[in-house]
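Encoded as structure tokens, the structure appears first; notes follow it.
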Amino acid sequence: MNYISIAIDGPGGAGKSTVAKRLASELGYHYVDTGAIYRTVGYHMSLMGIGPKDKDGIERCIDDVNIQIEWQDGVQHMFLNGQDVTGEIRTPEMSMMASGVSAQKCVRDYLLQMQRDLARTQNVIMDGRDIGTVVLPNATVKIYLTASAEVRAERRFLELQGKGEKVKFEDVLKELIARDQQDMNRAIAPLKQADDAFVVDASYKNVDEVVAEIKDIIGRKVAAL
Ligand code: DC
């Protein structure tokens with residue numbers, strides 16, 4: 001049996017995970033957040049005292065990273081060597097750490113099959129940076145979800161403030177742009193639009209509108225199968 005796979009790629013803060021979660025629940029598909037997997041690798045490296053650009057250190061330690069993913073009440077939990085690190089990986093530091101380690105070939109090679117296996121046995125909505133271009137090049141539907149840097153930074157800023165963190169808007173914007181640059185310009189599997197992706201610009205749309213637009217695209221594609 002062929003399963004349906006929906007790839008949603010795009011820069012950080014565009015709303016991929018919020019939209020993907022909603023779509024997954026409305027369509028009854030399984031949501032996979034691949035950024036969380038890179039964050040878990042980044043977290044391991046930081047625990048080991050290894051920097052995001054330390055190629056030799058990352059290569060030396062990557063085989064010690066044992067990742068398990070479990071879904072509990074619809075929430076994706078990440079386990080690193082048996083420990084639940086779902087909360088620990090959601091910090092601005094881990095965003096940059098994940099972006100750094102994700103540029104290393106050994107990390108991408110290590111995680112590729114894990115991601116493909118998740119889409120082999122169930123209908124999935126998978127979000128990330130290279131899902132439509134590398135992980136699932138034959139995905140049923142590919143979406144490139146984007147928004148202006150200012151709008152994305154504003155959302156991140158409010159989200160962090162909501163968590164009680166003291167952050168400055170300018171710092172959030174600066175970090176977001178730095179991460180975009182890093183993710184778009186790396187040599188392996190950079191963030192880019194797949195040729196056959198539908199581009200959705202969420203700059204001036206709310207979540208409901210974005211969900212409706214993507215649902216419509218998926219509906220048309222699936223009906224034509
Ligand atoms: O989606 P996110 O912000 O949780 O992702 C964190 C970092 O992980 C992102 O800056 C780049 C990397 N990443 C990647 O290289 N490929 C993916 N498919 C998903 C994330």
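The values are calculated or read from the model by the stated rules, or taken from the named source; none is laboratory data. Since this is a predicted model, take the numbers as computed values, not measurements. We place every Cβ from the backbone using ideal geometry, glycine too, and count neighbours over all the protein chains shown. For the accessible areas, the whole protein counts, side chains as well, though only heavy atoms, and no ligand, DNA or RNA atoms are used. Shrake-Rupley method; radii C 1.70, N 1.55, O 1.52, S 1.80 Å.
Can you compute the modelled spin-label distance between MET114 and GLU70, with each label point 7 Å from Cα toward Cβ, in nm?
Computed distance between label sites MET114 and GLU70 equals 1.6 nm.
Kindly provide the trypsin sites (Lys or Arg not before Pro) of segment 109-201 that DSSP labels as loop, not H, G, I, E or B, and whose Cβ sees at most 16 other Cβ atoms within 10 Å. Mind dumping the intermediate values first?
Numbers: sites: ARG116, ARG120, ARG129, LYS142, ARG152, ARG155, ARG156, LYS163, LYS166, LYS168, LYS174, ARG179, ARG186, LYS192; in loops: ARG129, LYS163, LYS166, LYS168, ARG186, LYS192.
Those satisfying the criteria are LYS163, LYS166, LYS168, LYS192.
Using a 1.4 Å probe over the heavy atoms of the protein chains, calculate the carbon and sulfur portion of the accessible area of the chain as a whole percent.
Of all accessible area on the chain, carbon and sulfur atoms account for 50 percent.
Pairs of alpha-carbon atoms within less than 8 angstrom and 6+ residues apart define the contacts here; what relative contact order does segment 1-126 have, in percent? All intermediate terms of the calculation are to be shown ahead of the outcome.
On the way: 160 pairs, mean separation 50.8, N = 126.
With pairs under 8 Å counted, the relative contact order is 40 percent.
For segment 1-125, what is the percent of antiparallel DSSP beta bridges, rounded to the nearest 5?
Numbers: 8 of 12 bridges.
Approximately 65 percent, going by the DSSP bridge assignments.
Give the calculated FRET efficiency between ASP171 and ASP195 to the nearest 0.05, with a Förster radius of 30 Å applied to their Cβ-Cβ distance.
Values: r = 35 Å, r/R0 = 1.17.
The calculated FRET efficiency here is 0.30.
Determine the per residue accessible area of the chain with all protein chains present and a 1.4 angstrom probe, expressed in square angstrom.
Working: 11030 Å² over 225 residues.
Heavy-atom SASA per residue in the chain reads 49 Å².
How many percent of DSSP beta bridges within the chain run antiparallel, rounded to 5? Present the calculation step by step, with values, prior to reporting the outcome.
On the way: 8 of 25 bridges.
So the antiparallel bridges amount to about 30 percent of the total.
Whole angstrom only: what separates the Cα centroid of segment 1-40 from the Cα centroid of segment 113-163?
Taking the Cα centre of segment 113-163 as reference, the centre of segment 1-40 is 5 Å away.
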